[in-house]
1. State the extension gain, in nm to one decimal, for the chain segment bounded by M97 and T46, taking 0.36 nm per residue of separation less the distance between their alpha-carbons.
2. Given H67, V57, M97, which one lies farthest toward the positive end of the charge dipole of the chain, if we put +1 on the Cβ of every Lys and Arg and -1 on the Cβ of every Asp and Glu?
3. Modelling each spin label as a point 7 Å along the Cα-to-Cβ direction, I'd like the R10/V57 distance in nm, to one decimal.
4. Using θ = phi - 60° and the Karplus relation 6.51 cos²θ - 1.76 cosθ + 1.60, list the HN-Hα couplings for region 97-102 in order, rounded to whole Hz, with x at every Gly or Pro.
5. Based on DSSP H assignment, which helices of the chain show an axial Cα extent of at least 18 Å together with a mean Kyte-Doolittle hydropathy greater than or equal to -1.0?
Amino acid sequence: MSDARFTSFREFYPFYLQEHSNRTCRRLHFIGTTLVLALLVGVMLTGQWLWLFAFPVIGYGFAWVGHFVYEKNRPATFKYPIYSFMGDFVMYKDICMRRLSI
């Protein structure tokens, strides 16, 4: 399925979840996304715009450790960057709404 071409996010999201089946990987994604959201709020409140450069390091850093160390797969970001970015926030929402466990 990794060679599949997706024509919609609806088709992509089940694949995305399959690529995040390891609980520790999902936890690291959740931590990274939470820190990115907190950093965004901090930047908006303080006007310290240079902190925006930390977004990719924090967001992708946690996620890629999850993939390379725990999930043992290649992040979907490399092949599907936009759908993967969207998937991270949908998965975050699903975790917050307890539709998906961490």
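1. Numbers: separation 51, 0.36 × 51 = 18.36 nm, distance 2.96 nm.
This chain segment gains 15.4 nm when fully extended.
2. M97
3. Result for the modelled spin labels: 4.1 nm.
4. 8, 6, 7, 9, 8, 10
5. On the way: long enough: 23-46 (34 Å, 1.19); 81-96 (23 Å, 0.55).
Span-like helices, by this rule, are 23-46, 81-96.
Every number here is computed from the coordinates shown, using simple stated rules; none is lab data. Just so it is clear, the structure is predicted and the values come from calculations on it, not from any experiment. When we count neighbours, we look across all protein chains shown, and the Cβ atoms used for this are built from the backbone with ideal geometry, even at glycine.
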